[in-house]
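Take this structure first; my questions come after.
The values are calculated or read from the model by the stated rules, or taken from the named source; none is laboratory data. Computed from a prediction, not measured in an experiment: that's the story for all the values here. No Cβ is skipped: glycine too gets one built from the backbone with ideal geometry, and neighbour counts run over all protein chains shown. Surface areas here come from the heavy atoms of the whole protein model, side chains and all, with no ligands, DNA or RNA. Shrake-Rupley method; radii C 1.70, N 1.55, O 1.52, S 1.80 Å.
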Amino acid sequence: FNMYELVVHKTFAGAHNLRDYEGECEKLHGHNWKVEVTLKSEKLNEIGMVMDFKIVKKTLEEILSRFDHSYLNELEEFNQENPTTENVSKVIYDNLSEKLPPEILITKVKTWESENCAAAYYV
């Protein structure tokens, strides 16, 4: 079968600390996070797109606006869950999947906390 893929990157700045962690990351610290979202679809829309990049970027931006310049530990999503890069990716995935049309599948949400370290969530 044929499959089309679309990839969008957005960034945000946010701070966190890891609970129950022994090491430097238990202290409050921040990152300039980069989020990479990969979408797929078997079909293109009437003008030949999986989805307009502009719409995907705007939707992702709306989600990330809650994270930007925030202390992630204080967000409702991280009351119980540690704000690890893995969990940040899952929260973004969950929020994005609620806002996209059902025919658009999220292949992966990959979140970079630094130039060399990333974690991804996908199903």
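Which entries of LYS27/LYS58; LYS27/LYS57; LYS27/LYS99; LYS10/LYS43; LYS43/LYS90; LYS58/LYS110 have Cα-Cα distances beyond 22 Å here?
Result: LYS27/LYS58; LYS27/LYS57; LYS27/LYS99; LYS10/LYS43; LYS43/LYS90 exceed 22 Å.
Which label belongs to the value computed from this structure, given these candidates for P(r) over Cα pairs in 10 Å bins from 0, in percent: (1) 13, 45, 28, 12, 3, 0; (2) 11, 35, 28, 16, 8, 1; (3) 13, 46, 33, 7, 1, 0?
(1)
Can you give the helix-only mean residue ellipticity at 222 nm for the chain, where every DSSP H stretch with n ≥ 4 adds -39500 (n - 2.57) and the sum goes over all residues, rounded to the nearest 500 deg cm²/dmol?
-7500 deg cm²/dmol
Suppose R0 equals 30 Å; then what is the FRET efficiency for ILE55 and ASP20 from their Cβ-Cβ distance, rounded to the nearest 0.05?
It comes to 0.15.
With just the Cα atoms defining each centre, how far is region 13-64 from region 70-87? Give it in Å.
Answer, in whole Å: 14.
Only Lys, Arg, Asp and Glu count, each charged at its Cβ (+1, +1, -1, -1), so figure out the dipole size of the chain about its Cα centre, rounded to 20 debye.
With only Lys, Arg, Asp and Glu charged at Cβ, the dipole is about 440 debye.
What does the accessible area per residue of region 1-107 come to in Å², with a 1.4 Å probe and no ligands, DNA or RNA counted?
62 Å²
Sequence gap at least 6, Cα distance under 8 Å: using those rules, report the relative contact order of the chain to the nearest whole percent.
Across the chain, relative contact order equals 31 percent.
Report, to the nearest whole %, how much of the accessible area of the chain belongs to carbon and sulfur atoms, 1.4 Å probe, protein only.
Carbon-and-sulfur percentage of accessible area, whole number: 47.
Just grab the label-to-label distance for LYS43 and GLU76, each label 7 Å out from Cα along the Cβ direction, in nm (one decimal).
With each label point 7 Å from Cα toward Cβ, the separation is 3.4 nm.
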